[in-house]
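Supplied in structure tokens, the structure appears directly below.
The values are calculated or read from the model by the stated rules, or taken from the named source; none is laboratory data. Values in this document were obtained by computation on a predicted structure and should not be read as measured data. Positions of Cβ are backbone-derived with ideal geometry, glycine not excepted, and every protein chain shown enters the neighbour counts. For accessibility, only protein heavy atoms count, side chains too; no ligands or nucleic acids. Shrake-Rupley method; radii C 1.70, N 1.55, O 1.52, S 1.80 Å.
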Amino acid sequence: MKLATLSVQNKVVVASVDEAAGSFRTVLLNGAPIEDMNRLIEDFDGAKASLALGDPQPLSSSTVLAPIPRPRRNIICVGKNYFDHAHEFARSGFDSSATSAADAIPKAPIIFTKMPETVVATQTRIGYPDKSCTKLDYEAELGVIIGKAGLGISKERAMDHVFGYVIINDLTERGLQADHKQWFLGKSFETSCPMGPWIATADELDVANLDVKCWVNDELRQDSNTRDLIFDVPTLIETISRGTKLLPGDVIATGTPVGVGIGFTPPRFLESGDQVDITITGLGKLSNVID
């Protein structure tokens with residue numbers, strides 16, 4: 001099932017989307033529309049028997065919001081998690097965590113976070129708020145949505161805790177990332193986490209084999225597959241949950257593949273008016289324009 005948060009006649013509803021038909025059906029719990037994706041995720045297993053779908057309506061009659069418009073906690077992000085990207089990042093001069101070529105590939109997952117307020121929907125204009133920062137970079141990523149709480153989750157049981165998947169653009173201001181020698185400020189400004197257009201439930205996809213692609217102004221920049229992850233989804237869940245209890249609705253951004261702007265010589269940063277389009281197998285297209 002593909003699940004979206006939509007604005008329909010000025011009301012927010014959670015809906016099941018039929019992308020091919022260009023239609024949606026409102027998700028109903030005991031006959032009433034669900035207005036909060038977090039609530040659906042939390043109650044999904046127990047509420048399945050009471051869920052129903054409304055009549056089909058054209059998707060064009062709605063506005064697509066971020067699937068989880070306001071996550072309840074920070075988005076958990078993973079750095080340098082594709083082999084080729086780790087090397088391009090180390091070569092770029094922006095990687096303060098790598099002091100030698102031997103440091104390019106991390107020996108353990110690198111974890112940072114983005115504030116919940118950074119999340120915006122597809123078709124939202126994005127960029128650093130006061131436009132003073134000019135080294136904006138795109139990062140196409142697979143987002144993992146946690147559906148079942150857990151602390152100390154083993155890799156063998158990790159996928160039992162996954163609700164679904166979503167596209168994320170981990171928009172980054174490379175100048176801030178370099179100046180401050182850490183990743184939070186350069187990655188956690190307003191509009192820096194475009195998410196969407198919808199969530200595909202875990203049963204729909206093979207997370208170990210998803211194509212991840214990103215275009216800037218129709219030029220293909222990133223073209224990879226999740227089989228090239230350094231640390232796969234079960235490993236990430238085991239690592240993060242070792243000391244932090246994962247909760248329903250938590251979002252893990254799993255890292256970006258090779259082809260980001262700083263990987264070019266000279267770097268190719270985003271400029272006002274540029275359009276960034278990201279697709280991942282089975283997850284639709286996330287599109288945003290730089291303000």
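Within the set Lys107/Lys155; Lys131/Lys181; Lys11/Lys114; Lys135/Lys181; Lys2/Lys80, which residue pairs have Cα atoms separated by over 23 Å?
Lys11/Lys114; Lys2/Lys80
For segment 33-172, what's the relative contact order in percent, using C-alpha pairs closer than 8 Å and at least 6 residues apart?
23 percent
Which percent, nearest 5, of DSSP beta bridges in the chain are antiparallel?
If I count the DSSP bridges inside the chain, around 90 percent turn out antiparallel.
Now for a separate question. Give me the net charge for the shell around Ser16: Cβ to Cβ below 15 angstrom, other residues only, Lys and Arg +1, Asp and Glu -1.
Combined, the nearby Lys, Arg, Asp and Glu give -3.
For the chain, what mean projected area does the convex hull of the alpha carbons give, in nm²?
Computed as one quarter of the Cα hull surface, the answer is 14.7 nm².
Could you tell me what percent of the accessible area of the chain is made up of carbon and sulfur, with a 1.4 Å probe and every protein chain present?
49 percent
If you don't mind, another one. Any idea what angle helix 37-47 forms with the longest principal axis of the chain, computed on alpha-carbon atoms, 0 to 90 degrees, nearest 10?
Rounded to the nearest ten degrees, it is 50.
I would also like to ask the following. Excluding Leu171 itself, calculate the net charge of residues whose Cβ lies under 13 Å from the Cβ of Leu171, where each Lys or Arg counts +1 and each Asp or Glu counts -1.
After counting each charged neighbour, the total is -3.
If you line up the long axis of helix 83-92 against the longest principal axis of the chain, both from Cα atoms, how many degrees apart are they, to the nearest 10?
50 degrees
Measure of size requested: the Rg and Dmax of segment 1-111, with Cα atoms as the atom set and Å as the unit; please supply both.
Just the Cα atoms of segment 1-111 yield Rg and Dmax of 20.6, 60 Å.
Right, something else. Return the whole-Å distance between the Cα centroid of segment 111-159 and the Cα centroid of segment 252-291.
13 Å
On to the next question. Across bins of 10 angstrom width beginning at 0, how are the C-alpha pair distances of segment 209-284 distributed, in whole percent?
Result returned by the calculation: 15, 39, 30, 15, 1.
Another one. If you add up the charges near Phe89, with Lys and Arg at +1 and Asp and Glu at -1, over every other residue whose beta carbon is less than 13 angstrom from its beta carbon, what do you get?
Once all neighbours under 13 Å are counted, the net charge is -4.
Turning to a different aspect of this structure: Which order do peptides 122-131, 135-144 fall in by mean Cβ count within 10 Å, highest first?
So the peptides 122-131, 135-144, ranked by packing, come out 135-144, 122-131.
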